[in-house]
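So the structure is just underneath, and the comments pick up after that.
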Protein chains: 2
Amino acid sequence: MKNRPKLGPAPENKLSSVGSDRGRYRVVIEDVKPEINGGRFSVKRVVGERIIVEADIFADGHDAVSAVLLYRKENQSRWTETAMQPFINDRWRGAFEVTETGNYRYTLQGWVDRFKSWHKNVLKKMAAGQDLALERLAGAAIVESAARRAGGEEKKILIRFAAELRSGEPEVGGPALDDELAALMERYLERRWATTYDKELSLTVERAKARSSSWYEIFPRSCAREPGAHGTLRDCERRLPYIAEMGFDVLYLAPIHPIGRSYRKGKNNSLSVSPDDVGSPWAIGGEEGGHTAIHPQLGTLDDFRHLVAAAKTFGIEIALDIAFQCTPDHPYVREHPQWFRKRPDGSIQYAENPPKQYQDIYPLDFESEQWEELWHELKRVVLFWCEQGIRIFRADNPHTKPFVFWEWLIAEVKKKHPDSIFLAEAFTRPKVMYRLAKLGFSQSYCYFAWRNTKAELTQYFTELTQTEVSEFFRANLWPNTPDILTEYLQFGGRPAFVTRLILAATLGANYGIYGPAFELCENAPREPGSEEYLNSEKYEIKNWDFDRADSLKELIARVNRIRRENSALQSDRSLRFHPVDNSQIVCFSKSTEDLQNVIVVVVNLDPYHTQAGWVELPLEQIGLLAQQPFQMHDLLTDAHYLWQGTRNYVQLDPQSVPAQIFRLRRRLRREQDFDYFM
Amino acid sequence: MKNRPKLGPAPENKLSSVGSDRGRYRVVIEDVKPEINGGRFSVKRVVGERIIVEADIFADGHDAVSAVLLYRKENQSRWTETAMQPFINDRWRGAFEVTETGNYRYTLQGWVDRFKSWHKNVLKKMAAGQDLALERLAGAAIVESAARRAGGEEKKILIRFAAELRSGEPEVGGPALDDELAALMERYLERRWATTYDKELSLTVERAKARSSSWYEIFPRSCAREPGAHGTLRDCERRLPYIAEMGFDVLYLAPIHPIGRSYRKGKNNSLSVSPDDVGSPWAIGGEEGGHTAIHPQLGTLDDFRHLVAAAKTFGIEIALDIAFQCTPDHPYVREHPQWFRKRPDGSIQYAENPPKQYQDIYPLDFESEQWEELWHELKRVVLFWCEQGIRIFRADNPHTKPFVFWEWLIAEVKKKHPDSIFLAEAFTRPKVMYRLAKLGFSQSYCYFAWRNTKAELTQYFTELTQTEVSEFFRANLWPNTPDILTEYLQFGGRPAFVTRLILAATLGANYGIYGPAFELCENAPREPGSEEYLNSEKYEIKNWDFDRADSLKELIARVNRIRRENSALQSDRSLRFHPVDNSQIVCFSKSTEDLQNVIVVVVNLDPYHTQAGWVELPLEQIGLLAQQPFQMHDLLTDAHYLWQGTRNYVQLDPQSVPAQIFRLRRRLRREQDFDYFM
């Protein structure tokens, strides 16, 4: 490109409407991706990410087509545009980077490009040695029409080009092939009868934590120093250094509200209850208050704000639960009886999933005549906690409340707090989980806990990351929760915990553990075949020995450090599985777009036996040559391995470390690097 | 089901709007299939076909959901409904049959079904032996609300059921499980807060010939009895018995209009032309007239109408070409110079695809200021031929005219003549071909001519019949055309012609040949590497020897009879390919929905050598048991083979017949059928 002038601002972009000239619009735009439910829902990105948009764009006949991708912040009227490029089979691609939280819009425009069509024909005729006299005149007319829309120096350049074309210089091919002219024409030639895609698609941009976060869940009441005592928020604060050392950046508290007394459950969810039984934190509401009150034994609102501030100094954000359900003692029951369903005998309908009955819980009736008042109250609850500094919410069982409610609530909260993040705890059918993600949840619990074999992991995480699902569903991977102690953990002992931790933390840019049960490898179920913990913390206060020698806390700290230091692990989009000739070993990689950071993870899924196998890596995709050795740096053990070629050997002993997290080091020193080589 | 009452007419179906009660609408409907371009285009069916509609339908929570599929003719306001059934993973399915040509609309509705939810819970509680007193009362209230909407006998039945529930009879499970009650409740319970899918999808129903037709293309001017003479439409009429004997039902005539003299091409598309050269029929327009005139040497409009009527008596429909292009001598050039593009020297721009130039053709300029007048004139042309009794049109190069034009034209013609059929002759890029099909063409030429290997055939016809493409694109398979003499035919000799005929006629419910070049195995190209015929009929009059002993006419007749007698071959939707352990043998099947007609085709693609192999049939899918022998009746040779099990042997000699068209005969006589067996 020679002498390319600085381009001034482009003429105003207006998305034209077709109007009475519709017969002259020849370009078609279809099959735009991403586009969720025909544009009904937003695509998700975080600040700093790029979005690649593809579409089929074509016209009738042989003319050349040009196309642009247009985007804007939702609250701005002016579009920014970027050129799209064709790649194969009439498919075009464009991309832009998002820089702010909030909603963006994007759409596409394509038109028959008179100048490019002319240029294409001129080149072919030149090659065939045909007469170009009339072509020169036709070209001059097109350039002149662009000159009329340009100004200053650029106008002069265009006029000069047109004159050269008209003059019939033998060097006519010059301007026809000139990059400078092409750039000016792209800028100034009228986009006659440009087709604009008939939808403005929506893109929601959240902060980075929506995409990558490490969660730690605790019951604040179990943080007391003395066994048996009811822990307080101040006690909880004293645990922050421990949690920070392990490297977590979200601390999720089981509900902190007053707990109901009616039908309170005893230890192990027993129906027989003693006066000192503390009840489940999810049985929300007592005479001390409801969803905006704090359990008196935990402390005060001041204590809570103090905890939030203290956590911040450790780089930790507090996440709260939004569990929209009430005990019979909740103030709503007295103040808003219309928000609950009545039984034929006039009593309030308690929760049931026949034959199971939950007399201690009254579900809110979203079919109530007063649904609108109910919605506004629940919004008030969330905004109340936002005012206390909370921006991360974990919604309890969102699939038991209407979809429209969540869509409205999340949008309303984000209007005021665009940095808010919502995690959906919906362990239910796949379509329901996906719908919740589409309507606005930033992150979603997923089936990770029950995906244990190589085939299961490969199938599920390929679906989550390599299909349209990746545009709206951000999985958060939990090896355990207070409700879920999987059989793999029950039977696999410590190696199972290590394996599941490493899988969660590397397969998932978002992951979390329910601690200290996790790092202390708590694995006793209430009874055989149950996934409930024996003596579950849901129904009693625990006193954990955080300093036990066999705690996984140091391994966890190392894994979280690896996550922080390797941006490849902070996104799921690049996840690819690689073949290993052993069904007990799973291998996958993640990498940054520029391949500067490539992480390869190898995990032995068998918690009992050493397993070995040959791993097959797609060298080209990770920027390697078959003849070039490369270093695999195991970030867990700091060991360095020298690998070469597609197939390399691994061996993993579950009794030491059942996994390796390799960082690929591409550059190896060779004899050429030695000082005296030359 | 006992005592089920005759159901009266259902309460008026109205598609409700959400309005101010939107918070109470809990059901989601998404991922509806078929839905082309988000509902922008119609799905296609023919009269008598069924359409199966699928969608994800679900609500929050545990309540039971019900859903219906709604459909209507476009010009009627009242919807008909049919219940949808869930099958897997929140996916529901419903179906209806279309009975008239024209446009239909369909949409879906789903709601939380209070009665089904109640019923489900009662069953679970009964099984667990729980108290049902309150359930009975709740159920009675629901039944009473339905009774208020019923009348006559049905109202009485519902009131009696409600009373039984209230009475607390020990037999309460009775009504809860009663089919009669379920049917009445389905009919009369108010669909409270029913979600209607937000689109009305469109379905275009055409007559059966749109889906299944056998085309024969000729040049009427080559039908004269004496060599060298210019054939007439009357001559053409004399060929009807011959064409009817071969079993074709569409006779497509190369354009019958006056041919231009300016820049007329000589034999073999030569630029040097002699006074008696007849020119290409696609060079339309002379001083004798344009697109609504008939070439004087062919005859008169009366002759044409006579031909149309005569063909009808043979069960043959005449198809005309719509080739919207003009010679310099076309009346439009004089009368509407604004419909053509000007060059800078004021002359009219002739067609070119640089470096190729076509001085004999002026393309119509659809970007003209007067595009609307142009559109109306072209519509007038098509309607003119409709008035002469023509209902089938083959559009020449539709991809060189704007998409919006065709969409409008086809819709306009169908408004007046819903039985009209349009075939798109667009040999261009796949997305362009699919777009033309979507916007309304009934049938489309396809890449069949260039799909010769087993892998190519399998990949392409699976795409056409087993993906969304099958909803809008009906392929018409041509082994040859006046423009296409493939290398496979050039080199493969007679066996190649037989193979390609059988593939076209069995892979495609719509197929056609350009004859008599085809049945006489004409295979000399203009020059090596060219797909043009030597001495192409496009530029000269031919005199064919229809009675040559080596003609394929009898084989063609047999194949067309097989197509007529086996409805499995009259649709492409059921096409499935089956494994054969020989890459030169392709095997596929087609079957009717009820499996009463199952056709299995085996073709040797190698025109030189006998090939043999083991065919693998999916017995279960075609209604067979592994231990049960079955008969394979070869409809080409009338041979009967006895097969058993999944794998069976075939051997095909290209020098006799390179293919077998089996009809599966499931029932074999056995000893049990023998009179004295018992």
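The values are calculated or read from the model by the stated rules, or taken from the named source; none is laboratory data. Just so we're clear, the structure is a prediction, and the values are computed from it rather than from any experiment. Positions of Cβ are generated from backbone atoms using ideal geometry, with glycine treated the same way; all protein chains shown enter the neighbour counts.
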message: Condition check: among the basic types (Lys, Arg), in contact (Cβ under 8 Å) with a residue 40 or more places away in the chain and at the interface with chain A (Cβ under 9 Å from one of its Cβ atoms). Does B:Lys401 satisfy that?
response: yes
query: Which is surrounded by fewer than 21 Cβ atoms within 10 Å (Cβ to Cβ), touching a residue at least 40 places away in the same chain (Cβ under 8 Å) and within 12 Å of chain A (Cβ to nearest Cβ), of B:Lys125, B:Lys199?
result: B:Lys199
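Residue-wise test of (1) buried (at least 16 other Cβ atoms within 10 Å of the Cβ); (2) in contact (Cβ under 8 Å) with a residue 40 or more places away in the chain.
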residue: A:Glu288; (1), (2): no, no
residue: A:Ile294; (1), (2): yes, yes
residue: A:Leu301; (1), (2): no, yes
residue: A:His306; (1), (2): no, yes
residue: A:Phe324; (1), (2): yes, yes
residue: A:Asp329; (1), (2): yes, yes
field: Condition broken by A:Leu642, with the remaining ones in (1) assigned to a strand (DSSP E or B); (2) surrounded by 12 or more Cβ atoms within 10 Å (Cβ to Cβ); (3) modelled with pLDDT under 95; (4) not small (Gly, Ala, Ser) satisfied
entry: (2)
message: Tell me whether segment B:136-149 contains one or more residues that are in contact (Cβ under 8 Å) with a residue 60 or more places away in the chain, assigned to a loop (DSSP other than H, G, I, E, B) and more than 43 Å from the chain's Cα centre (by Cα).
response: yes
- request: Test each condition in (1) away from chain A (no Cβ under 14 Å); (2) more than 30 Å from B:Lys44 (Cβ to Cβ) for B:Ala208 and report the one that comes out false.
  value: (2)
Answer residue from segment B:613-639, given it is of a type in the set (A, V, I, L, M, F, W, C) and part of a loop (DSSP other than H, G, I, E, B) and is nearest to B:Leu575 (Cα to Cα) among those: B:Leu617
- prompt: Do the conditions hold for A:Arg380, that is, is it out of contact with any strand residue (DSSP E or B) (no Cβ under 8 Å at 6 or more places or on another chain), at pLDDT 95 or above, closer than 26 Å to B:Arg91 by Cα and not aromatic (Phe, Trp, Tyr)?
  reply: no
- prompt: If you take the residues in segment A:335-345 that are assigned to a loop (DSSP other than H, G, I, E, B) and of a type in the set (Lys, Arg), which one is farthest from the other protein chains (Cβ to nearest Cβ)?
  reply: A:Arg341
- request: Determine, yes or no, whether A:Ala140 is under 23 Å from B:Gly346 (Cα atoms) and buried (at least 17 other Cβ atoms within 10 Å of the Cβ).
  value: yes
task: Assess whether A:Val273 counts as being hydrophobic (A, V, I, L, M, F, W, C), modelled with pLDDT under 95 and closer than 29 Å to A:Glu532 by Cβ.
output: yes
- prompt: If you check A:Ala283 against the conditions, is it among the hydrophobic types (A, V, I, L, M, F, W, C) and surrounded by 21 or more Cβ atoms within 10 Å (Cβ to Cβ)?
  reply: yes
- request: Hand me the list of strands (runs of 3 or more DSSP E) wholly inside segment B:50-115 holding 3 or more residues that are surrounded by fewer than 21 Cβ atoms within 10 Å (Cβ to Cβ) and within 14 Å of chain A (Cβ to nearest Cβ).
  value: B:85-88
A:Thr107, sole failed condition from (1) within 19 Å of A:Asp179 (Cα to Cα); (2) under 25 Å from the mean Cα position of the chain (by Cα): (1)
field: Positions within segment A:54-69 being touching a residue at least 60 places away in the same chain (Cβ under 8 Å) and either touching a Pro at 6+ places or on another chain (Cβ under 9 Å) or among the hydrophobic types (A, V, I, L, M, F, W, C) (or both), in sequence order
entry: A:Ala55
Residues satisfying the stated conditions in segment B:574-596, i.e. part of a loop (DSSP other than H, G, I, E, B), within 17 Å of the chain's Cα centre (by Cα) and under 14 Å from B:Thr458 (Cα atoms): B:Ser574, B:Leu575
query: Which one is modelled with the lowest pLDDT among residues in segment B:655-670 that are assigned to a loop (DSSP other than H, G, I, E, B) and hydrophobic (A, V, I, L, M, F, W, C)?
result: B:Leu668
message: Can you confirm whether B:Val650 is touching a helix residue (DSSP H, G or I) at 6+ places or on another chain (Cβ under 8 Å) and either among the hydroxyl-bearing types (Ser, Thr, Tyr) or crowded, with 17+ Cβ neighbours inside 10 Å (or both)?
response: no
- request: Report whether or not A:Glu425 is crowded, with 17+ Cβ neighbours inside 10 Å, free of Cβ contacts under 8 Å to residues at least 12 places away in the same chain and in contact with a strand residue (DSSP E or B) (Cβ under 9 Å, 6 or more places away or on another chain).
  value: no
task: Give the number of residues within segment B:597-639 that are modelled with pLDDT of 95 or more and within 24 Å of the chain's Cα centre (by Cα).
output: 7
task: Considering only residues that are within 15 Å of B:Thr400 (Cα to Cα) and surrounded by 17 or more Cβ atoms within 10 Å (Cβ to Cβ), look in segment B:355-370 and name the one that is nearest to the other protein chains (Cβ to nearest Cβ).
output: B:Glu367
task: Give the residues of segment B:220-241 that are part of a helix (DSSP H, G or I) and charged (D, E, K, R), sorted by residue number.
output: B:Arg221, B:Arg234, B:Asp235, B:Glu237, B:Arg238
task: Kindly indicate which of A:Lys44, A:Lys14 is more than 14 Å from every other protein chain (Cβ to nearest Cβ) and modelled with pLDDT of 95 or more.
output: A:Lys44
task: Look at A:Glu554 and say whether it is outside any loop (DSSP other than H, G, I, E, B) and more than 24 Å from the chain's Cα centre (by Cα).
output: yes
- request: Determine whether segment A:275-287 contains at least one residue that is among the hydroxyl-bearing types (Ser, Thr, Tyr) and under 18 Å from A:Glu217 (Cα atoms).
  value: yes
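This table checks each residue for (1) of a type in the set (A, V, I, L, M, F, W, C); (2) under 15 Å from A:Lys356 (Cα atoms); (3) touching a helix residue (DSSP H, G or I) at 6+ places or on another chain (Cβ under 8 Å).
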{"site": "B:Val112", "(1), (2), (3)": "yes, no, no"}
{"site": "B:Phe115", "(1), (2), (3)": "yes, no, yes"}
{"site": "B:Asn121", "(1), (2), (3)": "no, yes, yes"}
{"site": "B:Lys125", "(1), (2), (3)": "no, yes, yes"}
{"site": "B:Gln130", "(1), (2), (3)": "no, yes, no"}
{"site": "B:Ala133", "(1), (2), (3)": "yes, no, no"}
{"site": "B:Arg136", "(1), (2), (3)": "no, no, yes"}
{"site": "B:Ile142", "(1), (2), (3)": "yes, no, yes"}
{"site": "B:Ala147", "(1), (2), (3)": "yes, no, yes"}
task: Select the strands (runs of 3 or more DSSP E) contained entirely in segment B:346-451, then report the ones holding at least 3 residues which are within 18 Å of the chain's Cα centre (by Cα) and of a type outside the set (A, V, I, L, M).
output: B:443-445
query: If only one of B:Leu201, B:Leu189 is in contact with a helix residue (DSSP H, G or I) (Cβ under 7 Å, 6 or more places away or on another chain) and closer than 22 Å to B:Asn37 by Cα, which one is it?
result: B:Leu201
